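The values are calculated or read from the model by the stated rules, or taken from the named source; none is laboratory data. What you see is a predicted model; the values in this text were computed from it and never measured. Quick reminder, even Gly has a Cβ in these numbers, built from the backbone with ideal geometry, and neighbours come from all protein chains shown.
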Amino acid sequence: MKRLAYASPVNPAPSGISDYSEELLPYLGMYADITLYVEDGLRPANPRLAQHFEIRPVSRLERDHRRRPFDAIIYHMGNSPAHLGIWRALQRTPGVVALHDFVLHHFMLQEMVAVRGQIDLYRAEMRRRYGDEGAHVAELMLRGRFPEAAFDFPFCEDVLERATGVLAHSRYVLDRVTALKPGLATALVPMGVPLPPLIPRHAARERLGLPQDALILASFGHINPYKRLEPALRALRDLRSTRPDAHYLLVGSISPNYDAQSVVERLGLTEAVTITGYVPRAAFEDYVAAADICLNLRHPTAGETSASLLRLLGAGRPTLVTATGAFAELPPGVAAQVDPDGSESDLILAYCRLLADRPDVAAAMGAAAREYVARCHTLEGAARAYVEFLARHCGWGDVRPLRETPLWDVAAGQTARASSPAASSAQHRVEQRAPAPPPSPLGRTVAGALVELGMTGDDRSVLEAAARALAEIS
């Protein structure tokens with residue numbers, strides 16, 4: 001049996017990759033003996049992880065591998081503070097990287113500035129890697145301004161230098177990885193998600209107290225300036241000239257650095273928009289089922305593949321996406337592509353009118369979306385793709401399942417989650433820390449930059465801890 005070290009956030013770590021790994025692991029465990037490495041001091045919320053895997057602090061991975069080498073090591077890297085221990089372990093012990101975000105700039109800002117206090121090093125590295133333009137963006141970031149240009153400077157070179165191979169969910173990411181490090185072994189693997197239940201729309205609306213005949217638009221997940229709220233609201237305002245019953249639901253947490261409510265008020269849409277905040281998982285699924293049209297827009301992109309989008313498509317909802325990054329790789333007919341340019345609001349409006357006026361088109365798009373997820377994004381297929389790459393890359397030879405079924409039923413064993421990736425966060429950590437002094441202005445800048453990247457409101461405990469660390473060294 002092959003021995004696999006698997007380093008990843010798990011719940012309650014504030015990262016969407018926590019959900020991702022907890023759904024993938026029971027299928028990957030069909031092929032290998034897995035040791036799960038998590039952030040030091042983290043107590044996994046899902047009891048099934050401890051039932052089926054040895055769980056170790058990620059700081060011990062180097063020593064464990066030296067004493068008894070693993071047949072492979074997988075590190076999951078994303079643009080979140082939840083990956084700090086994983087990044088450090090990778091710097092000591094190379095391995096295969098599952099790269100969830102090509103742009104790691106905001107993670108590196110946090111690691112270099114908030115954690116290590118190396119402000120001058122951050123400035124110097126931005127200039128060395130990216131020239132005068134990079135140096136200019138670095139100054140803006142340190143002053144609390146978060147320009148879209150930050151996404152042009154990925155800052156992932158250190159990760160790629162230590163990676164023996166890279167797994168990614170899109171050609172968009174793999175092409176950019178290859179451009180930075182030609183010759184690095186790479187593989188495209190599908191993102192697996194459980195196929196969501198089909199909930200009758202009328203039943204969902206009845207439970208939520210929503211009108212049965214209204215045209216309901218909805219967006220899900222953490223809302224920040226990159227989620228294209230203003231273009232969507234302008235389209236809604238125009239849509240209501242012919243469909244005054246149109247209503248927009250924003251389901252999920254709001255960035256503390258983004259006043260979404262003021263945007264709604266400025267456009268005169270207070271009565272037409274509902275911001276729910278965090279909702280429990282059952283309500284989240286009802287909101288998905290209640291929506292006539294879903295909007296999953298984002299620009300600029302860090303190269304991420306959106307699990308929340310796949311869940312919407314899997315639920316059979318007609319969905320609008322931004323035609324950029326990994327989203328542009330969706331096949332025709334699965335989702336409506338919106339260009340992030342001057343035509344954005346007009347395209348959103350045109351698609352919404354078409355889907356509202358043509359229920360047959362909306363139904364066909366929803367059916368195609370669900371069939372696509374059921375066929376191309378299964379957890380079985382994702383685990384198999386991981387193992388096939390490891391077999392080629394590590395010389396495992398032909399790998400067959402050691403077990404006939406997954407280690408547990410993901411649908412029955414999911415921890416309670418909702419529109420935010422982690423409903424609970426630092427309060428579940430083993431170590432309890434005494435209150436620290438308020439963060440300095442620069443500390444708030446670093447924390448703000450990380451929040452604006454797209455971390456959930458539940459990440460604030462991690463971000464504030466980083467800010468306090470910076471305050472101490474400032």
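General remarks:
- Filter pass, Gly117 being touching a residue at least 40 places away in the same chain (Cβ under 8 Å) and in a loop (DSSP other than H, G, I, E, B): yes
Conditions tested, residue by residue: (1) touching a Pro at 6+ places or on another chain (Cβ under 9 Å); (2) among the basic types (Lys, Arg); (3) assigned by TED's automatic domain parsing to the domain that holds Val338; (4) in contact (Cβ under 8 Å) with a residue 40 or more places away in the chain.
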| position | (1), (2), (3), (4) |
| --- | --- |
| Gly209 | no, no, yes, no |
| Ala214 | no, no, yes, no |
| Leu229 | no, no, yes, no |
| Arg237 | no, yes, yes, no |
| Ser253 | no, no, yes, yes |
| Asp259 | no, no, yes, no |
| Val263 | no, no, yes, no |
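- Criterion violated by Ala289 - all others in (1) aliphatic (A, V, I, L, M); (2) closer than 24 Å to Ser80 by Cβ; (3) at pLDDT 95 or above satisfied: (2)
- Test: residue in segment 94-105 that is over 23 Å from Thr324 (Cα atoms), among the β-branched types (Val, Ile, Thr) and part of a helix (DSSP H, G or I): no
- Residues that are in contact with a Leu (Cβ under 8 Å, 6 or more places away or on another chain) and more than 14 Å from Phe389 (Cβ to Cβ), drawn from segment 178-196: Thr178, Leu180, Lys181, Met191, Gly192, Val193, Pro194
- Against the conditions (1) part of a helix (DSSP H, G or I); (2) under 20 Å from the mean Cα position of the chain (by Cα), Leu320 satisfies every one except (1).
- Residues satisfying the stated conditions in segment 6-20, i.e. of a type outside the set (Asp, Glu) and either within 22 Å of Ser253 (Cα to Cα) or surrounded by fewer than 24 Cβ atoms within 10 Å (Cβ to Cβ) (or both): Pro9, Val10, Asn11, Pro12, Ala13, Pro14, Ser15, Gly16, Ile17, Ser18, Tyr20
- Within segment 124-153, if we keep just the residues that are outside any helix (DSSP H, G or I) and in contact (Cβ under 8 Å) with a residue 60 or more places away in the chain, the residue that is surrounded by the most Cβ atoms within 10 Å (Cβ to Cβ) turns out to be Phe146.
- Selection from segment 104-119 of residues that are surrounded by 24 or more Cβ atoms within 10 Å (Cβ to Cβ) and touching a Ser or Thr at 6+ places or on another chain (Cβ under 8 Å): Phe107
- Residue check, Arg205 more than 20 Å from Arg353 (Cα to Cα) and among the basic types (Lys, Arg): yes
- Leu121 vs. criteria in contact with a helix residue (DSSP H, G or I) (Cβ under 7 Å, 6 or more places away or on another chain) and more than 24 Å from Ile34 (Cα to Cα): yes
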